[in-house]
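Novice: Below are the structure tokens for one structure; questions will follow.
The values are calculated or read from the model by the stated rules, or taken from the named source; none is laboratory data. Predicted, not measured: the structure shown is a model, and the values here were computed from it. All Cβ positions, glycine included, derive from the backbone under ideal geometry; neighbour counts span all protein chains shown. Only protein heavy atoms, including side chains, enter the accessible area calculation; ligands, DNA and RNA are left aside. Shrake-Rupley method; radii C 1.70, N 1.55, O 1.52, S 1.80 Å.
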Amino acid sequence: NFSKVDLNKVVAEVIEDLEPNYPDSRKNISVQSLPKVDADKTQMYQLFKNLLSNSLKYAKTDEPPRISIEVEINSDGHHLIAIRDNGIGFDEIYKEKIFKPFERLHGRSQYSGTGIGLAICKKVVESHNGELDLESQMNVGSTFTIRLPKSS
């Protein structure tokens, strides 16, 4: 059930819902003006909640998390939405592994979770005729890029 979804409202709701577990979410996440897209609102909520909660969960212990959500329209008319963080990052040799269900780079004792969040994110983006990509560097951070078709 796709309809016109205002991603600004979706992300605001996600940040509000993250606040109990991550009390400084509002001040640690900066958001550019996001587009309206043809999408399933519930799935967009799940996508942003998984990505933002991961950015907060995998923050460095010695500095506050800084997360930015930026958007641009590329030359082929797609929205590129980048979620950048200054977290622990990881070696990109594991890039494909983290999008597979139940694959984890860290033990459960170190970081909680089921290992399906990023697999869900990839499926959500693909079901919206988009792509999800990732760049990461150890101890520098990660950038997830969501590529979605521009609404008609």
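Novice: Restricting the first residue to the range 126-152 and requiring it to be closer than 12 Å to Ile81 by Cβ and free of Cβ contacts under 8 Å to residues at least 60 places away in the same chain, which pairs with a second residue that is of a type in the set (D, E, K, R) and not in a strand (DSSP E or B) meet a Cβ separation below 7 Å and a spacing of at least six or different chains?
Specialist: Matching pairs, first to second residue: Leu132/Lys122.
Novice: Can you find a residue in the range 102-124 that is hydrophobic (A, V, I, L, M, F, W, C), buried (at least 16 other Cβ atoms within 10 Å of the Cβ) and at pLDDT 95 or above?
Specialist: yes
Novice: Determine, yes or no, whether Glu96 is modelled with pLDDT of 95 or more, of a type outside the set (Gly, Ala, Ser), open to solvent by 20 Å² or more (accessible area, probe 1.4 Å) and over 12 Å from the mean Cα position of the chain (by Cα).
Specialist: no
Novice: In the range 58-70, which residues are within 20 Å of Ile146 (Cα to Cα) and either of a type outside the set (A, V, I, L, M) or out of contact with any Leu (no Cβ under 8 Å at 6 or more places or on another chain) (or both)?
Specialist: If the condition is that a residue be within 20 Å of Ile146 (Cα to Cα) and either of a type outside the set (A, V, I, L, M) or out of contact with any Leu (no Cβ under 8 Å at 6 or more places or on another chain) (or both), then Tyr58, Arg66, Ser68, Glu70 are the ones that fit.
Novice: State the number of residues belonging to the range 126-152 that are closer than 22 Å to Ile67 by Cβ and either in a strand (DSSP E or B) or among the aliphatic types (A, V, I, L, M) (or both).
Specialist: The number of residues fulfilling the criteria is 17.
Novice: Go through the range 19-57 and report how many residues are closer than 19 Å to Leu118 by Cα, within 13 Å of the chain's Cα centre (by Cα) and without any contact (Cβ under 8 Å) to a residue 60 or more places away in the chain.
Specialist: Within the range 19-57, residues that are closer than 19 Å to Leu118 by Cα, within 13 Å of the chain's Cα centre (by Cα) and without any contact (Cβ under 8 Å) to a residue 60 or more places away in the chain number 6.
Novice: Name, by its number, the condition in (1) free of Cβ contacts under 8 Å to residues at least 40 places away in the same chain; (2) small (Gly, Ala, Ser); (3) open to solvent by less than 70 Å² (accessible area, probe 1.4 Å); (4) not in a helix (DSSP H, G or I) that does not hold for Gly89.
Specialist: The single condition Gly89 does not satisfy is (1).
Novice: So which helices (runs of 4 or more DSSP H) are wholly in the range 1-85 and hold at least 3 residues that are touching a helix residue (DSSP H, G or I) at 6+ places or on another chain (Cβ under 9 Å) and surrounded by 17 or more Cβ atoms within 10 Å (Cβ to Cβ)?
Specialist: Of the helices (runs of 4 or more DSSP H) lying wholly inside the range 1-85, those with at least 3 residues that are touching a helix residue (DSSP H, G or I) at 6+ places or on another chain (Cβ under 9 Å) and surrounded by 17 or more Cβ atoms within 10 Å (Cβ to Cβ) span 7-18, 41-57.
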